[in-house]
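We did not get these values from a lab; they are worked out from the coordinates using the rules stated. Fair warning: this is a prediction, and the values are worked out from it, not measured in the lab. Virtual Cβ from ideal backbone geometry, glycine too; neighbours counted across all protein chains shown.
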Amino acid sequence: MILVLLAVAAGGVCDLPEPAPTPDAASARAYLEVGDAELAADSAATALVAYREAVRLDPANQRARSAYLSACVGHHRDALLADGWRLMDAGDCRGAIDAFRQLPGDPAAALYEAICRYQEGDDDEARPLLRTALAAPAYADRARYFLGLIELRDRSGNDAAELFGEVAAAGGPLAERAEVLRSAALRSGRAVVGVSLEPGYDSNVNFTPDNLPGSDDFGVGGELWLSLRPLGLSGPYLRANAYYRRMRQATDNDLGFATAQAGYRLGRGETYAFGDYAYEATTLGGSPLLYAHRLRAGARWQIRRFAFSLVYALRIGTYQTADTSAFSGNAHFLTPEVSYRLPLGSSVALGYSVSRDQTTFVDTSSWEHGPRAAVRWAFRPTLRSGIEGGLFFRSYDAGIQQAPGARFDAIRSLSAYLEQDIDRVTVGLAAGVRNSVSNQAAHTYTRVTATLGATYTLSLF
């Protein structure tokens, strides 16, 4: 405590007075007693004057120095808080922390220091500060809110959901946002399982060219998945999922795949880096179609409301059928993106994708690139929608014998969704259209899809 108060004096907030020409320890003790009496009578301003005179008359009196600095800090509390807030607004969290630490035990200072600690990813230091703020009714909701954020980042989904639920029930200014995060927390944890069922319609199951009769059909898809993050958000993670879609008529297009993934994320906040490996097996019509190794590495940088991300992915795939074996090879993907965060989790994102599919044949090797844009909008804490569109250009290295000119496709895609959270269940409606225009008529097609699904998610711990 003495060191903290001396730091206040060194910072110029409460300068120690110039010593008297002639020290007077007896008079200093008298002023110290007056200061104690005035402080006990709730006359802090008078106590501060008495303590200051005691220090002036006897600079070596440690109790007088401590009493003066303590009274001075209390007297200048609002100025110290304002200085910390100014530094926070300027993005100087380290400076703000130093300012708030000059008010030890103060619930407001503890709250805002904890917010800075949270922003810097120092959750262990933030937790006890938030518990200090929690004891003051005026700051309790905000303290619970940030404790919930810490638990959510730590992947303690059930604990986070309970804290956000208390904030939402209080009906304060953070209630709406807390309800959004409570919904997310119910689907988060160190061990999470989920199951979904998704009936839908596909207007062009076989990617039939536009100049031929269509191949529309209905189907039902189901998925089961598991996610493990034993150390929380930052650290190793494991994922596994299995999916199967059964078509009503075109059973030769029944699609299934199973994936196992292991990776590592570095960073608990909005700025992080990650890398992972996955193995995927895909079947079509009940027969093996593709076995693939997938590797990814990427990073994301958050700067206030803006975020910049870059992801590289590699797929090493071996197709298993005679008709598709020529497409076996290595596919590289690079995706930069910039996004802007809006209230309640809404966001706008712009990106550009570049990919290279390298096979052993020039007529199946291709480049693809193009822009994409996405908007996510939250109408209410548990109701949201999104729309995404893209324009991609795919060019093949060489033509085939039947069409010597190198194939070139222009692909336009547009998709939208609407989702409603009901406790641990998410009900969603999605639709999409994809149009490919090629210089080879066999690859010019239009496809429309629509699904209505439900997903149940359970956080095990």
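First obtain the Kirkwood hydrodynamic radius of the stretch 192-459 from its Cα pairs, then insert it into the Stokes-Einstein equation at 4 °C and 1.567 mPa s, and state the resulting D in µm² per second as a whole number. Before the final figure, lay out each step's value.
Values: Rh = 20.6 Å.
Estimated diffusion coefficient is 63 µm²/s.
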* Would you mind finding the longest exposed-site-free stretch of the chain, with exposed trypsin sites (Lys or Arg not before Pro) meaning DSSP loop and at most 14 other Cβ atoms within 10 Å? => 1-247
* How far, in nm, would the chain grow between R356 and S325 when pulled straight, counting 0.36 nm per residue and subtracting the alpha carbon separation? -> 9.4 nm
* Treat the count of other C-beta atoms within 10 Å as a stand-in for reagent exposure and order L87, L80 from fewest to most. => L87, L80
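Would you kindly state how much longer the chain becomes between R248 and L418 on full extension, computed as 0.36 nm times their sequence separation minus their alpha carbon distance, in nm to one decimal?
58.7 nm
Restricting to Cα pairs below 8 Å that are 6+ residues apart, what does the relative contact order work out to for the stretch 192-459? Please round to a whole percent.
The value is 14 percent.
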* For the chain, find the longest principal axis of its Cα atoms and tell me its angle to the long axis of helix 44-57, 0 to 90°, nearest 10. => 70 degrees
* Among C72, C116, what is the fewest-to-most ranking by other Cβ atoms within 10 Å? -> C72, C116
* Asked: Under a point spin-label approximation (7 Å from Cα along Cα-to-Cβ), what is the D397-L314 distance to one decimal in nm?
  -> 1.8 nm
* Structure fact -> Expressed in angstrom and rounded, the centroid-to-centroid distance over alpha carbons for the stretch 107-131 and the stretch 144-189 is 17 Å
* Before rounding to the nearest 500, sum -39500 (n - 2.57) across all DSSP H runs of length at least 4 in the chain and divide by the residue total; then give [θ] at 222 nm in deg cm²/dmol. => -9500 deg cm²/dmol
* **Nearest 10 degrees, 0 to 90: helix 140-153 Cα axis against the chain principal axis** => 40 degrees
* Among the chymotrypsin sites (Phe, Trp or Tyr not before Pro) within the stretch 127-228, which fall in a DSSP loop and have no more than 15 other Cβ atoms within 10 Å of their own Cβ? -> F207
* **Stretch gain in nm, segment S43-A281, where the contour uses 0.36 nm per residue and the Cα spacing is subtracted** => 78.0 nm
* Please give the FRET efficiency for E125 paired with A258, using the beta carbon to beta carbon distance and R0 = 51 Å, rounded to the nearest 0.05. => 0.75
* Can you give me the P(r) profile for the stretch 178-323? Cα pairs, bins 10 angstrom wide beginning at 0, each as a whole percent. => 10, 27, 32, 22, 9, 0
* **Answer label, with Rg and Dmax of the Cα atoms in Å calculated from the coordinates and candidates (i) 34.9, 108; (ii) 22.2, 75; (iii) 31.3, 110** => (iii)
